[in-house]
Amino acid sequence: MSAKAQTGNFLEDFRIGQTIVHATPRTLSVGDAALYTALYGSRFAVQSADGFARALGLPQSPLDDLLVFHTVFGKSVPDISLNAVANLGYAEGRFLKPVYPGTTLSAQSEIVGLKENSNKQTGVVYVRTTGMDETGDTVLSYVRWAMVKKRQAESVIAGQHVPKLAEFVPAAELRAPRCDLAGFDTALSGSPQFWDDYAAGEKIDHADGMTVEEAEHMMATRLYQNTARVHFNQFAQAADRFGKRLIYGGHVISVARALSFNGLANAVFILAVNGGRHVNPFFAGDTLFAWSQVLDKAELRGRKDCGALRLRLIAAKNRPCTDFPEGDAGGKYPDCVVLDFDYWALMPRRA
Amino acid sequence: MSAKAQTGNFLEDFRIGQTIVHATPRTLSVGDAALYTALYGSRFAVQSADGFARALGLPQSPLDDLLVFHTVFGKSVPDISLNAVANLGYAEGRFLKPVYPGTTLSAQSEIVGLKENSNKQTGVVYVRTTGMDETGDTVLSYVRWAMVKKRQAESVIAGQHVPKLAEFVPAAELRAPRCDLAGFDTALSGSPQFWDDYAAGEKIDHADGMTVEEAEHMMATRLYQNTARVHFNQFAQAADRFGKRLIYGGHVISVARALSFNGLANAVFILAVNGGRHVNPFFAGDTLFAWSQVLDKAELRGRKDCGALRLRLIAAKNRPCTDFPEGDAGGKYPDCVVLDFDYWALMPRRA
Amino acid sequence: MSAKAQTGNFLEDFRIGQTIVHATPRTLSVGDAALYTALYGSRFAVQSADGFARALGLPQSPLDDLLVFHTVFGKSVPDISLNAVANLGYAEGRFLKPVYPGTTLSAQSEIVGLKENSNKQTGVVYVRTTGMDETGDTVLSYVRWAMVKKRQAESVIAGQHVPKLAEFVPAAELRAPRCDLAGFDTALSGSPQFWDDYAAGEKIDHADGMTVEEAEHMMATRLYQNTARVHFNQFAQAADRFGKRLIYGGHVISVARALSFNGLANAVFILAVNGGRHVNPFFAGDTLFAWSQVLDKAELRGRKDCGALRLRLIAAKNRPCTDFPEGDAGGKYPDCVVLDFDYWALMPRRA
């Protein structure tokens, strides 16, 4: 292979404290918003209708928070996880500013942790990735960690360190978009339920199922300019242990989030990602179901119009979630569960 | 299932005269227009090129009439037909105002008829659905009826009534967009044929065939935020009598309409939907063919630049339409016919 | 079939010197740009981020050159190649003006050559197709030739002529977009390599592979309003020698071009198409790989900020290109090679 084609970084290429500016800034448009709707069928009213957003004091419909997340994530792939065996987790994700069509997103990552595995073949890299708009404002920041191959087993990994990551983003640190949800129209939003109507511990089966096709997850993942090879190259994947293309974990999150509309229609913004694990692979032809549990509720400083719900979103494949499948006490999940995602959402409060 | 996830209305939940405001208004954009082109390959010049539209006195290319129809229809599904067994028909559909990118559509439905079936398990609900833009103007209005399940066989359905529906929209009630087609450029539009060149009774085989994939019809139907479960959930559909996802009937209409360009290239606006029946199911992998018959011709009040054609658009699967397959005198259709759609289109007249 | 449905031109319908105005001008938008990204995962920075384009003195991100090419090509299909057996080649392609969202493209073709085949059943038509924007400026011009059926074997083809076509577009005739690449940011563009770093003869394996699905190539080809039947109609194709839908050759070019980012990330504009041949068919389910060879380098008149690379882009199916598969001296290609494409690209020079 020519030296001009990039082969990505291996574990020994990273140094703690190193900052990597990721390539290919991307201007998101109403075209991306339309594709996001076509791919997931998302119906959250703030993102669906300009007029609904304006009635809350926003200039227009912002782009879906997860479209922003996937775009920023995609930028980091060529530098961070092209040689990843697995994307292991997320933490300390904060959405700091709504993103509107026309915004150009760029991204950079700081290496915040490195830990070689005992097999000397692989290790874990921890990065804090930041997404910025064209004014330089940070719109999103999160930590993720991935298991990455070493180039050579004999390489010594200097300065190993596993960062301490918050178990969840404290409610006091959540930043709600500047808007006023006091007049939130629940007839138009699709649900009469306010923040007030949810209780910690409550479980919600989102009922619907969505089958995913190869063309869909590949179009989505290319839209995010995510270049991870396992999603696209059936010739190579045929030799993999599953024999199939793997679906980008973020696609699963977005399908599950769209399904969660049925029960959480008024959870119109994602404020933070506390954690997330892709616990089993998801393939084309599989049907995704999802359920949510309310983990916590929090008031937002200075806001009487809205509050935050800490939600756990669990997605399962080829099986309805009427009985709320999840992991056991030891953290072991049944084969059907593919996602365990912990986030804070913003929801209007009853006047 | 939690009470927070919606299960839709059943027959006994409707009352004649009731008005339901549908959720999730939707701002349509050039992104939706691009997806519509990608999904159907539509080539009608007015909707394809801003300059062509402007030459007729329109401000820019309007969105395809059927994109508007599907969007409004989609809004009504969670309230009207989530528990539908079948969508039975359409009538009295009127397109009242062209819709441009940037328009926010919202929808509401009035219950205009209810009739229990003799099996007591199901019944038919008739609704008049109205689509409005953000100024409150009605852009589309139509009646549809669907067979809907009852929640309980023993429920009594009060106030049953089957509405009298017009067999077709009278030509005198058609509202043509404000524009001037006198200078309509037939070299750019793709056909030299004007309204003057069509005769009542004439049949046109549209010749081409289009195969539909699962990813395509699901992306389309999600774009319309249509949540009917039969289109998306292969896990559930595997237990259905066909064992497959059903393709949204509106997707079939749009494929057939795009095919009809070849023979009706200058039928640039849909003015009314007189009726429509999905007479057999259509599945991914099937190839759609279509033919049209001119049912009637009408002048439009005060317009010398254009006239209306009443067209019957019939679509068949896995079989060319060279011999114009259709239903028999008793209203029985061969298995190959999937759509019988009756509409008024606007076409320029020869100067 | 009704006389109203068009059956396309046959060899005997063309006359040398004849100009055909193609139907259906098309306004391209940010929606088309988003779809192009979703279909190919293209990451060239100039087309990806408005801010990146503006830093070079462009008003915003232009549309991908190949999106422009496919759109113009698509317009020509109903008139030129609806009855084509094969699209044989391209020459003398020049991109003359960047195209931005909002531009309306129209197209016309001049018949520049005709040659009947000895079997009398088919022949070759040569056309020079021109794409124009709404101001009348030519944005693209190229010659292509296709093998087209005759309507009747006994028809006499008058005035046969095979045009002399340039083997390649001379560097002196390349027209680079008006911009200044002196400050080209290689951290954001994804590669540190400038024009200066490439040498004639150099081969680059682009490493990655992309599997293509039916839904993807059909959505792409419909987006271009290309009506060639072989791409869409599985019912008819089942009787064809391959039994499958053929993927539009331009889709293969775009996939290969997107793959070539890995090694040619800074080749941000296509200036000319010197030639191109689709040497074997490509089908859904196949995985495309690609490699490039630098055929030549040229300075651009009056420009110190950028130079031109003449590149040969070869794509192969279901086989990595680590050993650079290509045709033999006699012009015979192995079955795996599907594309041999010769073009000039613009690349920034090191300051």
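The values are calculated or read from the model by the stated rules, or taken from the named source; none is laboratory data. All values derive from a computational prediction rather than experimental measurement. Backbone-built Cβ (ideal geometry, glycine too); neighbour counts: all protein chains shown.
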Just to check your reading of the model, which residue among C:LEU66, C:LEU11 is more than 9 Å from chain B (Cβ to nearest Cβ), closer than 30 Å to A:SER106 by Cα and crowded, with 18+ Cβ neighbours inside 10 Å?
C:LEU66
Any hit, region B:141-151, residues being in contact with a Ser or Thr (Cβ under 9 Å, 6 or more places away or on another chain) and within 24 Å of B:CYS306 (Cβ to Cβ)
yes
Test: residue in region C:96-103 that is at pLDDT 95 or above, buried (at least 20 other Cβ atoms within 10 Å of the Cβ), part of a strand (DSSP E or B) and more than 18 Å from the chain's Cα centre (by Cα)
no
Could you please find all residues in region C:288-340 being touching a residue at least 24 places away in the same chain (Cβ under 8 Å) and either out of contact with any strand residue (DSSP E or B) (no Cβ under 8 Å at 6 or more places or on another chain) or among the small types (Gly, Ala, Ser) (or both)?
C:ALA290, C:SER292, C:ALA298, C:ARG301, C:ARG303, C:LYS304, C:GLY307, C:ALA308, C:ALA315, C:ALA316, C:GLY327, C:ASP335
So the check is Cβ under 6 Å with 6+ separation or different chains; which pairs have a first residue in region B:264-280 that's within 14 Å of chain C (Cβ to nearest Cβ) and a second one that's assigned to a strand (DSSP E or B)?
B:ASN266/B:MET347; B:ASN266/B:PRO348; B:ALA267/B:ALA345; B:ALA267/B:MET347
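Here's the yes/no breakdown for (1) within 20 Å of B:GLU202 (Cα to Cα); (2) touching a Phe, Trp or Tyr at 6+ places or on another chain (Cβ under 6 Å):
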residue	(1), (2)
B:GLY302	no, no
B:ALA308	yes, yes
B:ARG319	no, no
B:TYR333	no, no
B:TRP344	yes, no
B:ALA351	no, no
Collect the residues in region A:200-219 that are under 22 Å from A:CYS321 (Cα atoms), within 12 Å of chain C (Cβ to nearest Cβ) and crowded, with 24+ Cβ neighbours inside 10 Å, keeping them in residue-number order.
none
If I go through region C:14-48 residue by residue, how many of them are surrounded by 20 or more Cβ atoms within 10 Å (Cβ to Cβ), away from chain B (no Cβ under 12 Å) and basic (Lys, Arg)?
1
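To keep it simple, each residue is scored yes or no on (1) out of contact with any Ser or Thr (no Cβ under 7 Å at 6 or more places or on another chain); (2) within 30 Å of A:PRO25 (Cβ to Cβ).
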| position | (1), (2) |
| --- | --- |
| A:ALA172 | yes, no |
| A:ARG178 | yes, yes |
| A:GLY190 | no, no |
| A:ALA256 | yes, yes |
Got a sec? Which helices (runs of 4 or more DSSP H) wholly within region B:224-298 have at least 2 residues that are buried (at least 24 other Cβ atoms within 10 Å of the Cβ) and on the phi < 0 side of the Ramachandran plot?
B:249-259, B:261-264
Of the residues A:ARG222, A:ARG241, A:ARG229, which is modelled with pLDDT under 95 and within 13 Å of chain C (Cβ to nearest Cβ)?
A:ARG229
Would you mind stating whether B:TYR126 is among the aromatic types (Phe, Trp, Tyr), closer than 30 Å to A:ASP50 by Cα and buried (at least 17 other Cβ atoms within 10 Å of the Cβ)?
no
Unmet criterion (only one of (1) more than 30 Å from C:GLY201 (Cβ to Cβ); (2) more than 23 Å from the chain's Cα centre (by Cα)) for A:VAL72
(2)
